[in-house]
Amino acid sequence: MMRSVSYRDAEQITAIYNYYVEHTVVTFEEEIVSSADITKRIEKVLALNLPWIVVEEQGVILGYAYAGKWRERSAYRFSVETTVYLAPDAQGRGLGTALYHELIEQLKALEVNAVIGGVTLPNDASVALHEKIGMKKVGHFPEVGFKFDQWFDVGFWQLNF
C-alpha cells in the first residue's frame, strides 16, 4: 500500500536510510542519523507542501520517496530534487518505479516545473530507474563525493512537465 508519510514512520525510514549511509555510496552522508533527524526532515518537506510517500506491507515500510527544494533561491521555487530509497530486501520488485511514478503524479498537481534526481556513479540500477520514468541525463560532475576512501562522480537526471 502506498500512502503519505506519517511521523510514526520515522523509525522505519531511519533504519532503511542508515543501511545506505553505512554500506553504500548512494548517499554521501557518512554518519548514521537518528529518528529525530528523520522526523525533522519529514517536517521540512511537509512544511513546503511537497510530497513524502511510503510503501508498506503489513505495517512494514518497504521504501519511501519525497521531493525537496532543488536550491534555496526564490527563482528555483518551481524545481525539486527527488529521493527514493528501498529497504535492501525490497529491491527488484518494482517498488522504486511505483514510488517514483506516484511521486511524479503528486508533483504534477503542484506548481513544479522541473524534477531533478542526483545519482552517485556508477549505479546502473538508479540510472535505469530515472530513465525508466522519463528523466534525461543533464549533468555529470566527476569526483565530487569522497566516501569510503575513494572519489565518486555524481550525475543529474531531469524531467520537466
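The values are calculated or read from the model by the stated rules, or taken from the named source; none is laboratory data. What you see is a predicted model, and the numbers here were worked out from it, not measured in a lab. Note that each Cβ is placed from the backbone with ideal geometry, even for glycine, and that neighbours are counted across all protein chains shown. Just so you know, the surface numbers come from the protein's heavy atoms only, side chains and all, with ligands and any DNA or RNA stripped out. Shrake-Rupley method; radii C 1.70, N 1.55, O 1.52, S 1.80 Å.
Can you tell which of 76, 66, 20 shows the greatest fluctuation in a Gaussian network model of the chain with Cα springs below 10 Å?
Evaluated over the chain, the most mobile residue of the options is 76.
Please report the net charge: other residues with Cβ closer than 14 Å to the Cβ of residue 145, K and R +1, D and E -1.
Net of charged neighbours comes to -4.
Gain in length, residue 101 to residue 124, computed as 0.36 nm per residue apart minus the alpha-carbon separation, to one decimal in nm?
6.4 nm
Quick check: residue separation of residue 161 and residue 43 times 0.36 nm, minus the Cα distance between them. What number comes out in nm?
Gain on extension, residue 161 to residue 43, equals 39.9 nm.
For residue 148, put the label point 7 Å out on the Cα→Cβ axis and report which residues of segment 13-48 keep their amide N under 18 Å from it.
In segment 13-48, the label zone of residue 148 (backbone N under 18 Å from the point 7 Å along Cα→Cβ) covers 16-33.
Which one of 34, 126, 79 has the biggest mean-square fluctuation once the chain is modelled by GNM with Cα springs under 10 Å?
Fluctuation is largest for 34.
Quick check for you: with a 1.4 Å probe and neighbouring chains kept, what is the accessible area per residue of the chain, in Å²?
55 Å²
Of all accessible surface on the chain at a 1.4 Å probe, what whole percent is carbon and sulfur?
Carbon and sulfur: 50 percent of the exposed surface of the chain.
So how far apart, in nm, are the two label points at residue 20 and residue 57 if each is 7 Å from Cα heading toward Cβ?
Distance between the two pseudo-spin positions: 2.0 nm.
Which Rg and Dmax, in Å, describe the Cα atoms of segment 27-93?
When restricted to the Cα atoms of segment 27-93, Rg and Dmax are 13.6, 42 Å.
Do you know the Lys pair count in the chain for C-alpha distances under 29 Å, with sequence separation 8 or more or different chains?
Counting lysine pairs in the chain gives 20.
Please report, in Å, the Rg and the Dmax of the chain, where both are computed over Cα atoms only.
When restricted to the Cα atoms of the chain, Rg and Dmax are 15.0, 42 Å.
Give me the extension gain from residue 30 to residue 108: residue separation times 0.36 nm, minus the current Cα-Cα distance, reported in nm with one decimal.
Roughly 24.8 nm would be gained on extension.
Please give the residues of segment 41-73, grouped as numeric ranges, whose backbone N is less than 14 Å from a label point set 7 Å along the Cα-to-Cβ vector of residue 89.
57-63
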